[in-house]
Amino acid sequence: LASPPSDAMDMRWVLLLLLVGVLHVGVRASPPPPPPVDGEIVLTPGVGRQLTIVPDQTPIVLSVISLEPHSSYEARISHAATNPVMFTVNAAINDPAGRRLQDLDKTTFATGAVGTAVITINAHYHGVSVDPDHGKRPVSFNIVIMELYLHAIPADLPPLIIFIVVVVGLVLIFVVPWVKRSLFDESKPDHRE
């Protein structure tokens, strides 16, 4: 006969199901990027895009749509460190009262009353490359626009914190008792004699 499950075991199953739920939410696929309109490259918040640019030539202009009015956003660019390239990101907010241009070092911008923005990306070589023809090659990079909660916290940070808390909780419930039993098992002979 099986013994009835203890409260600790019930809690373990609840935490395991919670972990599976968090993983399911975190792993869901991103929607495909919107199609270009009249040759424009369109971005939406939370959906990354891989693009290429030839440094020291024509900048890339991106239209960002579906932005929440009066919100802050962060434009993140990542690229391979093997390319000695420095990116410059400028954001222009489409405001009916006028067009406000910000030269952004931190790549953050606020939307104002409208939900669209235009981002211009320039790339410039800096440093020394192993390849002498590096100036003629395009550089691939990824860009993503993330909303900032309270004008400072990226939208992808809270799910990460929840995931870490769940994993630490599972370690405390499953692994620590197992290690404790393994180290302090009373059935093992005492070899200190």
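Could you please find all residues in region 77-94 being surrounded by 15 or more Cβ atoms within 10 Å (Cβ to Cβ) and within 22 Å of the chain's Cα centre (by Cα)? Steps first, answer last, please.
First pass over region 77-94, keeping only residues surrounded by 15 or more Cβ atoms within 10 Å (Cβ to Cβ): 77, 79, 83-85, 87-94.
Scanning region 77-94 gives Ile77, His79, Asn83, Val85, Phe87, Thr88, Val89, Asn90, Ala91.
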Notebook entry, point to check: In region 69-86, how many residues are in a strand (DSSP E or B), among the hydrophobic types (A, V, I, L, M, F, W, C) and touching a Ser or Thr at 6+ places or on another chain (Cβ under 9 Å)?
Noted result: 2
Check: Can you name every residue in region 53-68 that is under 20 Å from the mean Cα position of the chain (by Cα) and either assigned to a loop (DSSP other than H, G, I, E, B) or among the β-branched types (Val, Ile, Thr) (or both)?
Finding: Val64, Ile65, Ser66, Leu67, Glu68
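How about region 133-153: which of its residues are surrounded by fewer than 16 Cβ atoms within 10 Å (Cβ to Cβ) and assigned to a strand (DSSP E or B)? Outline the logic, then answer.
If we filter region 133-153 for residues that are surrounded by fewer than 16 Cβ atoms within 10 Å (Cβ to Cβ), which is where we start, we get 133, 135-138, 140, 142, 149-153.
Those that are surrounded by fewer than 16 Cβ atoms within 10 Å (Cβ to Cβ) and assigned to a strand (DSSP E or B): Ser140, Asn142, Tyr149, Ile153.
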Notebook entry, point to check: Is at least one residue of region 98-105 exposed (fewer than 14 other Cβ atoms within 10 Å of the Cβ), at pLDDT below 55 and out of contact with any strand residue (DSSP E or B) (no Cβ under 8 Å at 6 or more places or on another chain)?
Noted result: yes
Check: Given Tyr73, Tyr125, which one is among the hydroxyl-bearing types (Ser, Thr, Tyr), modelled with pLDDT of 75 or more and in contact with a helix residue (DSSP H, G or I) (Cβ under 8 Å, 6 or more places away or on another chain)?
Finding: Tyr125
Item checked: Number of the condition not met by Gly169 [criteria: (1) in contact with a Ser or Thr (Cβ under 7 Å, 6 or more places away or on another chain); (2) modelled with pLDDT of 80 or more] -> (1)
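The values are calculated or read from the model by the stated rules, or taken from the named source; none is laboratory data. All values derive from a computational prediction rather than experimental measurement. Note: ideal-geometry Cβ built from the backbone for every residue, glycine included; neighbour counts use all protein chains shown.
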